[in-house]
Amino acid sequence: MIARHELYCITYPAIIQGHPFCIDFLDKEAMANLPNLTVEQIEHVLGNVSGVRYIARGGQKVVWSGVIDGTTYAIKFASTPEEFTREEDDDTEVEADPEVIVRASREVETMRDCASPYMVKLGPIGLNFVEIEGQSLLYFTEEFINGSDLRSLLESDGPLAPDAIIDMGIQMTDAIKALWELGKIHRDIKPGNIMRRTSGDFVLLDAGLAFDVIGESLSGGFLVGTRIYFSPEQFDYSNRRTGLDFRSDIFALGVTMYEMATGRHPFWNRGHSSQAFYSNVTSLAPEPPSSIVEGFPQDLDNIIIRMLGKSPHLRYRKCDHLTRALEAIRGH
Amino acid sequence: MAIYVQHGHGKSDKITNALDDKSASGVIFAARNEKVDKLDRYITTLRENYECDLLFDPQFYVSTLIPANDRYLPDEYRYYEAGRTAKDFIGARKIASYVNDTINFQTERGFDRIMSPTVIANGFSDRWSQIALQLADSSIEYHSSLTDATPLLVSLVLSEGALDSRSDLDAFLDILTSWDVHGYYITVVRDDATYSQSFYEDRLAHLLYMVYILADRNEFEVVCGYSDFIGIPLRAAGASAFATGWYQSLRQFHQKAFLKRKNGGQPPRLRYSSSPLLNSIMLGELESISDAGYLDQVLSDVDLDSIITDATSPESSAWTSQISDRHHWQTLAKLDQDLSGPVRRNIMGLIADVRQATGLYATLKAAGVPFERNTDGQHLFDWLAGLQTFIRIAAL
C-alpha cells in the first residue's frame with residue numbers, strides 16, 4: 001500500500017478533517033453517485049491503458065492512475081445524469097449541459113490552455129463520455145504528479161520552511177497569472193489543491209471551479225469553492241459577476257501560505273460558527289505569522305498579510321508585483 | 001520635487017519663471033485657455049528651452065456644464081462639443097469616438113503623458129460616475145491599441161462630496177486598481193468657492209487614502225491637479241506630482257470657474273505664502289506679523305524672501321502679484337523637498353510641521369496679529385485630524 005501523502009490525491013481535505021463550512025459546497029448528490037468501476041472495466045473502456053490503480057474519491061470524481069504509451073496519468077471518472085445523452089451530430093437545439101459536465105469541460109479546457117508549468121496538465125485523453133453497465137460517465141486524463149498535497153504535508157511534516165513558502169508563492173502566482181491571462185479565476189486555491197512534486201516544485205490542481213469572468217456563471221449565483229478560503233468579496237453576491245478578479249485567488253493563496261507557515265488558518269478555528277468565520281474574514285486583522293513562528297521573516301510576513309487584505313485594492317494589482325516582492329526576499 | 005504649473009488664462013511669463021526658478025518641473029496645459037496654434041508654438045518653445053514634463057488637460061468635462069465658460073474649446077478643439085447631456089454618452093461607438101479624438105489630439109503633440117477624457121462625477125455610483133468609468137475604460141482600450149504612445153493617465157474629476165463614503169471609495173478603488181494603466185490624474189471639485197486650505201477632515205483622509213492606495217500600494221503614477229497647499233499632504237501620501245497655478249481658480253478647482261457669469265470682481269490682493277504657517281496669507285497680515293516682531297519665524301526661507309527682507313517692511317517692499325506667484329511655487333517646492341521618503345515618514349514629518357504651524361499661529365494671535373477667516377490657520381486642525389485618520393485607515 002502506498003502512503004496516502006505520496007499519492008496523487010484529489011482530496012477534499014477539509015471534509016476529511018471535519019471543516020464544517022465545506023460540506024455545503026460540495027455536490028452531495030454527486031458524492032452519493034460516484035462511479036463504481038473495476039480495473040477491468042477501465043482497461044476495457046480506455047483500450048490502450050495498463051497498470052490501472054485506484055487513487056482516491058473526491059466530491060464529484062473518482063481518480064485512478066494508469067499507464068498510457070509508457071507514461072503514467074491520472075484518470076478521472078464522474079457520473080453524468082442518467083437522462084443526459086450527448087448527441088454530437090445533433091443540429092437541433094439542446095438543453096444546457098448539467099453542471100458536472102460543464103465543470104469537467106472547464107477543467108479540461110483550463111488544463112489544456114493554461115500556459116503555466118505550475119498548473120496541472122491535461123493528459124492524452126480529453127473529455128469523453130461512456131456508458132458502463134448502466135452508468136453514464138464522463139472521463140478524462142491528466143498529468144500524474146509524484147508528490148504530496150500540501151494538506152497532507154502539513155499533517156505529516158508540519159509547516160513549510162520560509163524559502164519553500166516563497167517558492168510555492170512564486171509558482172502559484174505564475175499559475176494564477178496564466179489563468180487570468182485566459183480570463184479565468186481558479187476559485188479553489190487551498191492546501192489540498194496544491195501538490196509538491198518530489199522535485200520540490202509545486203503544482204496547482206483542480207480547475208473544475210475555474211470561473212470565466214466573461215463567460216457564463218458556473219454557479220448560477222450560488223457560492224462555490226471552499227468557503228474558508230473565500231476572499232471577503234466572494235461573499236458579496238452583488239460583487240460576484242462584476243467585481244471578482246485574480247485578486248480573489250491571491251487572497252486564497254495568502255490563506256494557504258499563512259497555513260503552510262504557521263499550521264493555522266488565519267480566520268478559522270475548529271468550533272467557529274459560520275457567522276464568526278464570516279466576521280473574521282471580513283474584518284479581523286490576522287495575527288502576523290512571525291508572532292506565531294519564531295524567527296519567521298518579517299518581509300514574508302508583510303507580503304502574506306498584504307495578500308490577505310480585505311479589499312482587492314489592498315493586495316497586489318499585478319501578479320508580477322507579487323512575484324517581484326517574493327523574489328526580492330528569496331534567500332534572505 | 002514634482003510640482004506642475006496648472007496653466008490657465010494669462011500665462012505671460014509665469015510658466016517660464018517657475019521653470020527658471022526650478023520650483024516647477026512641468027506644465028499641465030488647459031485647453032480652454034489657449035488657441036491650438038499658440039499652444040503648439042508654446043510647446044515648441046518649452047521643448048527647445050527646458051527639460052520639463054508637458055501634459056495637457058483636455059477639459060472634456062466642461063462640455064457637460066451649462067452654460068459653460070468654455071472660451072476656445074468649441075472652436076479650437078475637435079473633441080469638444082458644448083452642452084453634452086447624459087444622452088450623448090449612450091452607446092459604445094459614441095464614447096469611443098470622444099476618446100479617440102481626445103487622445104489623438106494629444107498623441108499628435110507628443111505630450112509626456114496622455115490624459116483621458118472624463119466628466120465630473122458627484123459620487124462613485126451615480127450616472128455620471130458610470131460615464132466617467134466608461135470613458136476611462138474606453139481610453140485604456142484605445143490607448144493600448146496605439147504604438148509608441150506616451151503613457152496614459154486616466155482622468156478623474158470628483159466632487160468633494162464623493163469622498164464622504166469610505167465603502168463607496170473602497171469599491172471604486174477596487175475598480176481603479178484592476179485597470180492596466182500607467183496612472184491617474186485626479187482633480188477634486190471643491191465645494192466652497194473661496195480660496196482656503198481648509199478641507200473636511202474625513203474627506204481629506206479619504207482623498208489621502210485614495211492617493212496612497214493608487215500610488216504607493218498599487219504603484220500607479222498619480223498626478224493631482226488644482227491642488228495647491230493640499231498637494232503637500234497628497235505628495236506625502238505618495239502622489240508623483242501636484243499642480244497649482246497663478247490665479248486662485250487655478251489653485252483649487254471650482255465648478256463656478258467653468259460656468260458663464262457676469263464679468264467683474266475685484267483685483268486680487270497681494271499674498272505671501274508661508275511654509276512655516278502652511279498657508280498663503282495676506283501681505284497686510286505679514287505686515288502685522290512683522291510689526292509684532294515675528295517676521296523671521298514666518299518667512300519661507302526661499303530666494304524671493306529677499307524682496308521682503310531688503311525692504312523696511314513687507315508692505316513697503318517691491319512685492320507684486322507676479323513675484324507673489326513665483327514665491328508661491330518656491331514655497332511649495334521647499335515644502336515638497338522633504339517628501340521623498342516612505343509614506344509613513346512623510347506623514348509623520350508633516351504632522352510635526354502642522355503642529356509647529358498651529359503653535360506659531362497661536363503665538364502670533366497671542367501677540368495681537370489679526371487674521372482673516374480663510375487665513376487664520378483653522379485648516380491646520382482639519383489637516384491634523386485628516387492626517388491622523390488617514391494613518392488609522394491606511395494602517396500605517
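The values are calculated or read from the model by the stated rules, or taken from the named source; none is laboratory data. As the structure is a computational prediction, the values presented were derived from the model and not from experiment. Please note: Cβ atoms are built from the backbone with ideal geometry, for glycine as well, and neighbour counts cover all protein chains shown. Protein only, heavy atoms only, side chains kept; ligands, DNA and RNA dropped before computing areas. Shrake-Rupley method; radii C 1.70, N 1.55, O 1.52, S 1.80 Å.
Only residues that are more than 14 Å from chain A (Cβ to nearest Cβ) and either open to solvent by 10 Å² or more (accessible area, probe 1.4 Å) or not β-branched (Val, Ile, Thr) (or both): list them for the range B:220-230, please.
Within the range B:220-230, B:224, B:225, B:226, B:227, B:228, B:229 meet the criteria.
Applying the set (1) touching a Leu at 6+ places or on another chain (Cβ under 9 Å); (2) surrounded by fewer than 16 Cβ atoms within 10 Å (Cβ to Cβ); (3) away from chain B (no Cβ under 14 Å) to residue A:285 leaves exactly one unmet item: (3). I need the full set of residues from the range B:126-141 which are in contact (Cβ under 8 Å) with a residue 12 or more places away in the chain and either open to solvent by less than 50 Å² (accessible area, probe 1.4 Å) or not assigned by TED's automatic domain parsing to the domain that holds residue B:30 (or both), in order please. Passing the criteria: B:129, B:131, B:132, B:133, B:135, B:136, B:138, B:139, B:140. State whether the residues of the range B:189-209 include one that is modelled with pLDDT under 95, within 29 Å of residue B:86 (Cβ to Cβ) and out of contact with any His (no Cβ under 6 Å at 6 or more places or on another chain). Checked against the condition, which is being modelled with pLDDT under 95, within 29 Å of residue B:86 (Cβ to Cβ) and out of contact with any His (no Cβ under 6 Å at 6 or more places or on another chain), the range B:189-209 yields at least one hit. The strands (runs of 3 or more DSSP E) falling completely within the range A:98-150 that include 3 or more residues that are out of contact with any Gly (no Cβ under 9 Å at 6 or more places or on another chain) map to A:128-132, A:135-143. When B:154, B:188 are screened for being in the same structural domain as residue B:121 (by TED's automatic domain parsing), farther than 30 Å from residue B:375 by Cβ and not aromatic (Phe, Trp, Tyr), only B:154 passes.
Among the residues of the range B:90-102, are any basic (Lys, Arg) and buried (at least 16 other Cβ atoms within 10 Å of the Cβ)? The answer is no; no qualifying residue exists. Considering the range A:28-37, and only residues there that are part of a loop (DSSP other than H, G, I, E, B) and open to solvent by less than 60 Å² (accessible area, probe 1.4 Å), the residue that is modelled with the lowest pLDDT turns out to be A:34.
For residue A:238, the conditions (1) within 14 Å of another protein chain (Cβ to nearest Cβ); (2) open to solvent by 50 Å² or more (accessible area, probe 1.4 Å); (3) at pLDDT 90 or above are fulfilled apart from (3). Pairs needed: first member in the range A:165-184, in the same structural domain as residue A:203 (by TED's automatic domain parsing); second member anywhere, among the small types (Gly, Ala, Ser) and open to solvent by 10 Å² or more (accessible area, probe 1.4 Å); C-beta distance under 7 Å; at least 6 residues apart or different chains. Listed pairs, sorted by first residue: A:178/A:115. Return yes when residue B:191 is surrounded by fewer than 20 Cβ atoms within 10 Å (Cβ to Cβ) and within 12 Å of chain A (Cβ to nearest Cβ) and no when it is not. So residue B:191 fails the test. Of everything listed in (1) touching a helix residue (DSSP H, G or I) at 6+ places or on another chain (Cβ under 7 Å); (2) within 30 Å of residue B:131 (Cβ to Cβ), the single unmet condition for residue B:52 is (2).
Could you grab the pairs with beta carbons closer than 6 Å, sequence gap of 6+ or different chains, first residue in the range B:75-92 and at positive phi, second one open to solvent by 10 Å² or more (accessible area, probe 1.4 Å) and aliphatic (A, V, I, L, M)? Pairs found: B:83/B:66. In the set A:294, A:216, only one residue is assigned to a loop (DSSP other than H, G, I, E, B) and at pLDDT below 85; that residue is A:216. Please enumerate the residues belonging to the range B:377-396 that are touching a Phe, Trp or Tyr at 6+ places or on another chain (Cβ under 7 Å) and open to solvent by 30 Å² or more (accessible area, probe 1.4 Å). Within the range B:377-396, B:382, B:393 meet the criteria.
Residues that are within 14 Å of chain A (Cβ to nearest Cβ) and open to solvent by 10 Å² or more (accessible area, probe 1.4 Å) within the range B:196-219 comprise B:206, B:212, B:215, B:216, B:217, B:219, listed in sequence order.
Of note, residue A:293 does not satisfy the criterion of being among the β-branched types (Val, Ile, Thr), more than 14 Å from every other protein chain (Cβ to nearest Cβ) and crowded, with 18+ Cβ neighbours inside 10 Å. When you go through B:83, B:123 one by one, which is the residue that is assigned to a loop (DSSP other than H, G, I, E, B), surrounded by fewer than 16 Cβ atoms within 10 Å (Cβ to Cβ) and not hydroxyl-bearing (Ser, Thr, Tyr)? Being assigned to a loop (DSSP other than H, G, I, E, B), surrounded by fewer than 16 Cβ atoms within 10 Å (Cβ to Cβ) and not hydroxyl-bearing (Ser, Thr, Tyr) holds for just one of B:83, B:123, which is B:83. Residue count for the range B:147-188 satisfying the condition of being open to solvent by 40 Å² or more (accessible area, probe 1.4 Å) and small (Gly, Ala, Ser): 3. Out of B:18, B:86, B:2, report the one residue that is more than 22 Å from the chain's Cα centre (by Cα) and hydrophobic (A, V, I, L, M, F, W, C). The unique qualifying residue is B:86. Going residue by residue through the range A:305-318, is there one that turns out to be free of Cβ contacts under 8 Å to residues at least 24 places away in the same chain, away from chain B (no Cβ under 14 Å) and not in a helix (DSSP H, G or I)? There is no residue in the range A:305-318 that is free of Cβ contacts under 8 Å to residues at least 24 places away in the same chain, away from chain B (no Cβ under 14 Å) and not in a helix (DSSP H, G or I). Apart from one condition, residue B:205 fits all of (1) in contact with a Phe, Trp or Tyr (Cβ under 8 Å, 6 or more places away or on another chain); (2) outside any helix (DSSP H, G or I); the exception is (2).
Restricting attention to the range B:161-188, the residues that are within 11 Å of chain A (Cβ to nearest Cβ) and of a type in the set (D, E, K, R) add up to 4.
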